[in-house]
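As structure tokens, the structure follows; a few thoughts come after it.
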Amino acid sequence: MDASAAWNGRPAVELLDEFLQPFHTENPPDDITHLIAINDGPLSAWLDEQKQESHLTQQIELALGLRDDVDRDPRLLFVDLNTRSLVGSIDRELGAIKTEFLEHLLKNMVADDGSRWTPCETCTAKERCQAWNSVKTLRDPSLGPLVRRRLARLLQAVHHRGEIHITARSLRSALIFGFFGTSECEDLHRNIAFEPRLYYDHFFEHSLENRQGDLLAELQSLDPALGSHPNVDRALLLEESPRQEEPRLHLRSMRRRCYFEWSEEQLNSYRATLDAVGLHKCCHLGDFASVWSLDEEMNRKLCASLCQGIARLEDLPEKAFNDSSLVPLKIAQRTPTETAFWVSKSLGKFELRVRLPNKENFVEILHTQLELTYSMSSGHLEKLSIGAELFELLMNISEGLQISDTLSDDVFANLAIFKQRLAQEDDRVLFAWSPVTQSVYRVSVALDDAGKRYFSKRWPIMSKKIVEEVLTARSTKAIWSASYKEALPIVPQDFSMGAVLLW
């Protein structure tokens with residue numbers, strides 16, 4: 001049943017109620033099987049309109065993740081196609097990502113069935129034909145498999161980024177436009193000077209006529225032509241262009257071709273890797289895609305790199321990173337000072353895992369999010385969802401990238417909350433770096449013989465000089481007395497001093 005369709009004068013809502021009526025009870029008839037296709041919006045609306053809770057509403061809420069206090073009924077099966085991946089799926093038994101649907105689609109498009117492409121073999125315009133060039137490329141025993149692997153990598157990058165959901169319709173449309181274009185045979189025969197661009201330009205070039213659809217728009221942001229590599233680009237510029245075009249356009253086209261068709265041996269000859277002509281801002285996409293298959297040691301290394309990136313998002317002195325087993329998190333200050341303050345978290349409390357849909361979803365799955373968790377001393381798990389874009393950024397920062405203020409705040413919104421909650425954990429120790437002494441100090445609370453709390457003596461005698469730097473010598477002279485012996489020259493922002501000082 002199509003839940004959005006009316007029939008025989010009856011509205012869709014009335015038909016849906018009648019269709020689902022037998023399943024409100026815990027013991028529906030055994031001799032019926034109902035299959036329904038419905039979008040999550042109408043399903044949620046139908047659920048809201050139910051005046052009484054039933055066995056069916058409980059199962060739907062369980063499937064939608066709205067509750068977890070009931071057991072799943074094996075007689076009711078919910079398949080969420082929004083989580084389906086048509087461009088690759090995880091196969092844990094093989095330890096690889098399968099691309100059966102994509103391979104089957106491409107095979108049908110270029111199949112040598114004795115009729116579809118036979119006229120092209122004797123066509124006088126075949127050397128200028130984009131479609132015939134694509135067919136020959138995909139059929140080639142050595143080049144074809146390489147192009148299909150790179151195409152799968154490209155489409156999986158779109159899926160991992162999670163900006164759009166690739167449907168069968170959008171995938172087929174993008175493949176047809178990319179490999180075969182929109183030119184007719186008559187266009188080639190009518191104008192012998194007409195030479196359409198080939199498949200690697202059609203997948204990325206935004207200015208091509210009749211280009212449309214969210215998937216093709218998403219591919220533009222991954223264009224290999226947006227990158228550069230001195231050795232490779234120099235060699236490509238020396239190659240003869242099939243068209244009379246300026247070097248810039250020629251280089252853009254050749255970089256795209258290299259992404260699809262150059263082997264690792266060819267790249268190595270120019271002292272380059274696939275990243276030299278790879279997808280734009282996807283240098284660490286392979287790490288993001290393979291987290292589910294990493295062993296414990298590799299997972300820990302990747303987790304450490306992400307934590308390093310999080311720590312280096314804000315300016316901290318290099319001495320804060322001396323201990324590789326700790327993750328320093330800077331504390332924001334209401335009053336700007338040269339002194340830096342931070343808390344340190346144990347790296348062993350962080351864990352990286354893959355967020356996958358329910359195993360009982362019965363569709364091909366490929367993740368779009370990773371999950372970084374931190375185990376609080378209370379036992380609570382603090383979680384941070386990491387998409388492909390944030391993952392790429394954090395990995396680059398851990399390798400030394402300096403970020404600018406032009407980056408979108410949306411990228412860091414959840415990360416800022418995650419860091420704030422970790423900084424507010426029940427820790428009793430702060431670390432500080434003084435620009436005067438170029439040293440790191442440990443600030444904590446201790447008890448004297450009378451049981452009174454006071455600042456740890458590990459805070460240096462230089463504290464008055466630091467206050468002078470912040471408040472000026474004149475203001476410090478007016479307020480400084482014996483009661484200010486151990487003064488902190490800052491007010492930490494969004495930080496619970498009670499957790500540190502135990503007032």
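Remark: pairs (first residue in region 397-423, outside any helix (DSSP H, G or I); second residue at pLDDT 80 or above and open to solvent by less than 80 Å² (accessible area, probe 1.4 Å); Cβ separation under 7 Å; 6+ apart in sequence or on different chains) = Ile403/Ile397. Is it the case, given these coordinates, that Leu76 is surrounded by 13 or more Cβ atoms within 10 Å (Cβ to Cβ), in contact with a Leu (Cβ under 8 Å, 6 or more places away or on another chain), free of Cβ contacts under 8 Å to residues at least 60 places away in the same chain and part of a loop (DSSP other than H, G, I, E, B)? Considered against the rule, which asks whether it is surrounded by 13 or more Cβ atoms within 10 Å (Cβ to Cβ), in contact with a Leu (Cβ under 8 Å, 6 or more places away or on another chain), free of Cβ contacts under 8 Å to residues at least 60 places away in the same chain and part of a loop (DSSP other than H, G, I, E, B), Leu76 comes out as yes. Confirm whether Ile90 is open to solvent by 40 Å² or more (accessible area, probe 1.4 Å) and within 22 Å of Ile164 (Cα to Cα). No; evaluated as a whole, the condition is false for this residue. With respect to the conditions (1) within 22 Å of Phe203 (Cβ to Cβ); (2) open to solvent by 20 Å² or more (accessible area, probe 1.4 Å), Met254 lacks only one, and its number is (2). Scanning region 155-170 for residues that are over 21 Å from Leu285 (Cβ atoms) and assigned to a helix (DSSP H, G or I) yields Ala168, Arg169. Of all residues in region 331-363, exactly one satisfies the criterion of being modelled with pLDDT of 75 or more, of a type in the set (Lys, Arg), under 28 Å from Pro317 (Cβ atoms) and open to solvent by 50 Å² or more (accessible area, probe 1.4 Å), namely Lys349. Sub-9 Å Cβ pairs linking a first residue in region 90-105 that is in a helix (DSSP H, G or I) to a second residue that is of a type in the set (Ser, Thr, Tyr), at least 6 apart or interchain, are Glu100/Ser89; Phe101/Ser85; Phe101/Ser89, ordered by first then second residue. Based on what the data block shows, is Glu314 of a type in the set (Asp, Glu) and without any contact (Cβ under 8 Å) to a residue 12 or more places away in the chain? No, not satisfied. With respect to the conditions (1) in a helix (DSSP H, G or I); (2) at pLDDT 90 or above, His280 lacks only one, and its number is (1). Annotation note: of Ser290, Ser305, Ser253, the sole residue that is in a helix (DSSP H, G or I), of a type in the set (Ser, Thr, Tyr), out of contact with any helix residue (DSSP H, G or I) (no Cβ under 8 Å at 6 or more places or on another chain) and on the phi < 0 side of the Ramachandran plot is Ser290. What do you reckon, is Ile60 β-branched (Val, Ile, Thr), open to solvent by less than 30 Å² (accessible area, probe 1.4 Å) and farther than 30 Å from Leu294 by Cα? Answer is yes for this residue. With respect to Arg172, determine if the residue is under 21 Å from Leu222 (Cβ atoms), in contact with a Ser or Thr (Cβ under 9 Å, 6 or more places away or on another chain) and open to solvent by 70 Å² or more (accessible area, probe 1.4 Å). Here the answer is no, as Arg172 does not meet what is asked.
Please name all residue pairs, on different chains or six or more residues apart, with Cβ atoms under 8 Å, provided the first residue is in region 139-154 and is over 17 Å from Gly286 (Cα atoms) and the second residue is surrounded by fewer than 15 Cβ atoms within 10 Å (Cβ to Cβ). Going by the 8 Å Cβ cut-off, the qualifying pairs are Arg139/Asp112. Within region 127-139, the set of residues being of a type outside the set (Ser, Thr, Tyr), open to solvent by less than 60 Å² (accessible area, probe 1.4 Å) and either at pLDDT 95 or above or in a helix (DSSP H, G or I) (or both) comprises Arg128, Gln130, Ala131, Trp132, Asn133, Val135, Leu138. Residues that are touching a Pro at 6+ places or on another chain (Cβ under 9 Å), farther than 18 Å from Ser375 by Cβ and either surrounded by fewer than 16 Cβ atoms within 10 Å (Cβ to Cβ) or modelled with pLDDT under 85 (or both) within region 399-434 comprise Leu430, Ser434, listed in sequence order. Of all residues in region 13-32, those being modelled with pLDDT under 85 and open to solvent by less than 50 Å² (accessible area, probe 1.4 Å) number 1.
Among the residues making up region 182-224, those that are open to solvent by less than 80 Å² (accessible area, probe 1.4 Å) and farther than 21 Å from Cys129 by Cα are Gly213, Leu215, Leu216, Ala217, Glu218, Leu219, Gln220, Ser221, Leu222, Asp223, Pro224. The set of residues in region 144-165 that are among the hydrophobic types (A, V, I, L, M, F, W, C), at pLDDT 95 or above and either over 15 Å from Lys107 (Cβ atoms) or open to solvent by 40 Å² or more (accessible area, probe 1.4 Å) (or both) comprises Leu146, Leu154, Leu155, Ala157, Val158.
The values are calculated or read from the model by the stated rules, or taken from the named source; none is laboratory data. Treat the numbers as computed from the prediction; the structure is a model and nothing was measured. Cβ sites come from the backbone with ideal geometry, for glycine too, and all protein chains shown count toward neighbours. Ligands, DNA and RNA are stripped out before the accessible areas are found, and what is left, the full protein with its side chains, is counted by its heavy atoms. Shrake-Rupley method; radii C 1.70, N 1.55, O 1.52, S 1.80 Å.
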